[in-house]
Amino acid sequence: MKKIDYAKFHLQQLNSIITCPFCQSDFMIENNSLICKNNHTFNISKKGTVILYKTSKVKEDRIYNDNLFINRRNFINLGYYDELHTKICKIINEYNTKTILDMGCGEGSHDIKIINNLLNKKISLIGIDLAKNGIDMANDFIDNNFISIVGDLNNLPIKNKSIDLILNILSPSNEKEIARVLKKDGIIIKVTPKKEYLYELRNALGIKEYENEELIDKNIATKYNIIQKEEIKTTFHINKENLKYLVNMTPLMNNINVIPNIKSITIALNIYLLKVK
Ligand SMILES: [Zn+2]
């Protein structure tokens, strides 16, 4: 089956969930397009990508470009995030989940690792990201129960109260949209950086520190009920080759050919299990 046919299959299966970004009405699939009741029309590309966004605003991104996403996929595939994926899957496996929405899925490398480790193979995962380059790559995995869509995290093309579980890995999110699309008993898995996350690289390159960890924690606690909080923290040895991937997946650093002289890298993350207040 071609990618576009997988896309049409998934969009048909999810047609009670995915909605028009302009008028929030349902879609029909006609030929290779999604058409809403008010005739807003969105083409499905050969790569299986559909842009459910005010298309005039989608432009080539100079930071979130192909180079960044290719390097990010290479880096994630090295296994540094395996513990994160295992912990996320453990949570998902404990909940009765049919549909997962990943807000800020990028090139889908985390998503495919998660899908491959889920016990329930019928769970559907929808990835949304504004970066079309990322979504085109994420749809490499469209032959799984996974479709990625170009969309705005502040105006999700998703029906009210239709999602069981939201994933939000190292990406901004919009809590109003989360509350709108999540089912009444739905849960959120949110991953944020700890202060030690990639600190060797940030030190070497003089990149500013992440937002204060305590502040992030406080912010989350004002918006959500924290059901559970776990952390991972491991320092890995890293060679020059793999370091190149990391440097090039770092926004603002990709396309710069300066590889710092560091020998180790720390993956330190907080994993929150949250419910809307
Ligand atoms: Zn419409």
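Below is a table of values for the structure above.
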{"item": "Residues (on the phi > 0 side of the Ramachandran plot and more than 8 Å from the ligand (Cβ to nearest atom)) located in the stretch 20-37", "result": "N31"}
{"item": "Among (1) crowded, with 24+ Cβ neighbours inside 10 Å; (2) in contact with a His (Cβ under 6 Å, 6 or more places away or on another chain), the one test that L101 misses", "result": "(2)"}
{"item": "The listed residue being in contact with a Gly (Cβ under 8 Å, 6 or more places away or on another chain) and either surrounded by 13 or more Cβ atoms within 10 Å (Cβ to Cβ) or modelled with pLDDT of 95 or more (or both), out of F42, F27, F69", "result": "F69"}
{"item": "Residue in the stretch 49-56 that is of a type outside the set (S, T, N, Q), within 16 Å of the ligand (Cβ to nearest atom) and over 29 Å from N116 (Cβ atoms) present", "result": "yes"}
{"item": "Filter result for E94 (free of Cβ contacts under 8 Å to residues at least 12 places away in the same chain, of a type in the set (D, E) and either surrounded by fewer than 20 Cβ atoms within 10 Å (Cβ to Cβ) or within 16 Å of the ligand (Cβ to nearest atom) (or both))", "result": "yes"}
{"item": "Scan of the stretch 1-19 for residues that are away from the ligand (no atom under 16 Å from the Cβ), closer than 25 Å to R180 by Cα and exposed (fewer than 15 other Cβ atoms within 10 Å of the Cβ), ordered by number", "result": "Q12, Q13"}
{"item": "Subset tally (residues that are of a type outside the set (A, V, I, L, M, F, W, C) and under 23 Å from R62 (Cβ atoms)) for the stretch 105-139", "result": "11"}
{"item": "Meets criteria (under 19 Å from Q228 (Cβ atoms), touching a residue at least 60 places away in the same chain (Cβ under 8 Å), open to solvent by 20 Å² or more (accessible area, probe 1.4 Å) and over 15 Å from the mean Cα position of the chain (by Cα)) for E83", "result": "yes"}
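Conditions (1) open to solvent by less than 50 Å² (accessible area, probe 1.4 Å); (2) over 30 Å from K176 (Cα atoms); (3) touching a Phe, Trp or Tyr at 6+ places or on another chain (Cβ under 6 Å), marked per residue:
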position	(1), (2), (3)
P193	yes, no, yes
E196	yes, no, no
R202	yes, yes, no
G206	no, yes, no
L215	no, no, no
K223	no, no, no
K229	no, no, yes
N239	no, yes, no
L243	yes, yes, no
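The values are calculated or read from the model by the stated rules, or taken from the named source; none is laboratory data. These numbers come from a predicted model, not from an experiment. Every residue, glycine as well, gets a Cβ built from its backbone with ideal geometry; the counts of neighbours run over all protein chains shown. Calculation scope for accessible area: heavy atoms of the full protein, side chains included, ligands and nucleic acids excluded. Shrake-Rupley method; radii C 1.70, N 1.55, O 1.52, S 1.80 Å.
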